[in-house]
Amino acid sequence: MERTDLTPRCYIGLTQWQHSAWQDDLLVRPKDAHVLGAYSQYFSSVEGNTTFYGLPKAETVKQWDKETPEQFRFCFKLPQTITHKHQLLSSNVETQEFLDRISPLTAKLGLLCIQLPASFSGSELQNLSDYLSSLPSNLNFAVEVRHPDFFAKGAIEREFNQLLAANKANRISFDTRSLFAHPATDPISRKAKEHKPQLPVHAIATADHPMVRLITPMDWQWAESYLHPWLKKVVNWLDEGRSPYLFFHTPDNAEAPLLAAHFVEQLEKIRPGSCDFTQWPEAASQDSLF
């Protein structure tokens, strides 16, 4: 199927573009090749978590642009000084600094993610409204909330969804259900459960690019029953003309690429050609290339 910029598609990515566990297959590359260049051969997007902790150097941003194809999309988190320290108040200077720093990547920006802390409740909705209205309209933003107010199916959640829709901002769904349902007690799984939110999943599209973050147990095959309903939801979004972003996690992310590839395989059976994703060759085949 020939695609245009207006063709609905699924952007597929992970929470990072490098991992020691991927060196023998996904990231096999010449020694002088950039790891992001290897990652972007297969995935069409990535969660840019580093910007949450600080701004990248200007030369680093230029390198990211150089190493990725035109169709690749970065989904950066806004710095924590904006979302957590200031909770969106008096953040115009920090916001402009962030946008200026990543401006060389403007054509490759997917969603800019406003991840709010669990302390950000319904009483702060006006802060969010004011902040969203101050943002440039040529960029796509997404909001992740973690306070129970926004999952109670009451007036606050309705106001929140309406606010996002009015500002063409996307609601982020973070599905941690299978992680918490699995009885794993290993240290890595316990740490993940301590740091990830345990909240209901309200898969609501408030704009054109709904974002889904899926984290499964280490044994990601166990989570099949939790993954399957997302196939139908994603197809519905595509039918509505939306292009969702899907990001896949496991507690240590060692097998996150396999999880993503499995989901894409299942989705492509239902809707062929819907995913911007390329399956990587076997490690042995890659070895022969280099």
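Taking amide hydrogens as placed 1.01 Å from N in the peptide plane, the amide H of residue 143 sits under 5 Å from those of 114, 170, 171, 172, each at least 5 positions away in sequence or on another chain. When restricted to Cα atoms, the range 68-186 yields an Rg and a Dmax of 15.7, 45 Å, respectively. Shown for the chain: the carbon plus sulfur share of the solvent-accessible area, taken with all protein chains present and a 1.4 angstrom probe, equals 49%. For the chain, DSSP calls about 5 percent of its internal beta bridges antiparallel.
Using the 1.4 Å probe convention, the accessible area of the chain works out to 47 Å² per residue with neighbouring protein chains retained.
From the alpha carbon centroid of the range 207-283 to that of the range 1-52 is 14 Å.
Of the chymotrypsin sites (Phe, Trp or Tyr not before Pro) found in the range 96-166, not one falls in a DSSP loop while having at most 13 other beta-carbon atoms within 10 Å. Dipole magnitude for the range 32-112: about 140 debye, using +1 per Lys or Arg Cβ and -1 per Asp or Glu Cβ, origin at the Cα centre. Each Lys and Arg contributes +1 and each Asp and Glu -1, all at the Cβ; summed about the Cα centre of the range 137-290, the dipole is approximately 580 debye.
Note on the chain: with a GNM built from Cα contacts shorter than 10 Å, the maximum mean-square fluctuation among 93, 264, 235 falls on 93.
Taking a cut-off of 25 Å, what percent of all Cα-Cα pairs in the range 10-276 are separated by more than that? Everything past 25 Å amounts to 45 percent.
Report the FRET efficiency, 1/(1 + (r/R0)^6), for residue 90 and residue 139, where r is their Cβ-Cβ distance and R0 is 30 Å, rounded to 0.05.
0.90
Within straight-line reach of residue 153, meaning a Cα separation under 20 Å, sit the following aspartates and glutamates at least 8 residues removed in sequence or on another chain: 124, 144, 175.
What value, in deg cm²/dmol to 500, does the helix sum -39500 (n - 2.57) over DSSP H runs of n ≥ 4 give at 222 nm once divided by the residues of the chain?
Using -39500 (n - 2.57) per qualifying helix, the result is -10000 deg cm²/dmol.
For residue 44, the residues whose modelled amide H falls within less than 5 Å of its own, excluding neighbours fewer than 5 places apart on the same chain, are 12.
Relative to the Cα centre, the charge distribution of the range 10-276, modelled as +1 at Lys and Arg Cβ and -1 at Asp and Glu Cβ, gives a dipole magnitude of about 240 debye.
Taking the range 164-193 and a reference point 7 angstrom along Cα→Cβ of residue 236, the backbone N atoms nearer than 17 Å belong to 171-175. Length, then width, then depth: along the principal axes, the Cα atoms of the range 150-284 run 49, 37, 21 Å. Toward the positive end of the charge dipole of the range 48-129, about the Cα centre and with charges on Cβ (Lys, Arg +1; Asp, Glu -1), which of 69, 110, 80 goes farthest? Selected residue: 69. Rounded to the nearest whole Hz, the Karplus-based 3J(HN,Hα) values (6.51 cos²θ - 1.76 cosθ + 1.60, θ = phi - 60°) of the range 132-140 follow the sequence 4, 5, 8, 7, x, 7, 8, 10, 9, with x at glycine and proline. When the charge dipole of the range 10-276 is built from unit charges on Cβ atoms (+1 for Lys and Arg, -1 for Asp and Glu) and taken about the Cα centre, the candidate among 221, 92, 272 whose Cα reaches farthest toward its positive end is 92.
Considering only 128, 235, 20, and ranking their Cα positions along the charge dipole of the chain that arises from unit charges at the beta-carbon of Lys, Arg, Asp and Glu, the one farthest toward the positive end is 128. For residue 249, the residues whose amide H sits under 5 Å from its own are 214, 215, 216, ignoring neighbours fewer than 5 places away on the same chain, with H placed 1.01 Å from N. Residues in the range 118-128 carry Karplus couplings, in order, of 4, 6, 7, 9, x, 5, 9, 4, 5, 4, 5 Hz; the curve used is 6.51 cos²θ - 1.76 cosθ + 1.60 with θ = phi - 60°, and Gly or Pro positions show x. Per-residue 3J(HN,Hα) values for the range 19-35, derived from phi via the Karplus relation 6.51 cos²θ - 1.76 cosθ + 1.60 with θ = phi - 60°, read 6, 4, 6, 9, 5, 8, 9, 4, 10, 4, 6, x, 4, 8, 7, 6, 5 Hz in sequence order (x marks Gly and Pro).
Each of the peptides 30-36, 249-255, 105-111 was scored by the mean count of other Cβ atoms within 10 Å over its residues; in descending order, highest first, they stand as 249-255, 105-111, 30-36.
The values are calculated or read from the model by the stated rules, or taken from the named source; none is laboratory data. Please read all numbers here as calculations on a predicted model, not as lab measurements. Note that each Cβ is placed from the backbone with ideal geometry, even for glycine, and that neighbours are counted across all protein chains shown. Calculation scope for accessible area: heavy atoms of the full protein, side chains included, ligands and nucleic acids excluded. Shrake-Rupley method; radii C 1.70, N 1.55, O 1.52, S 1.80 Å.
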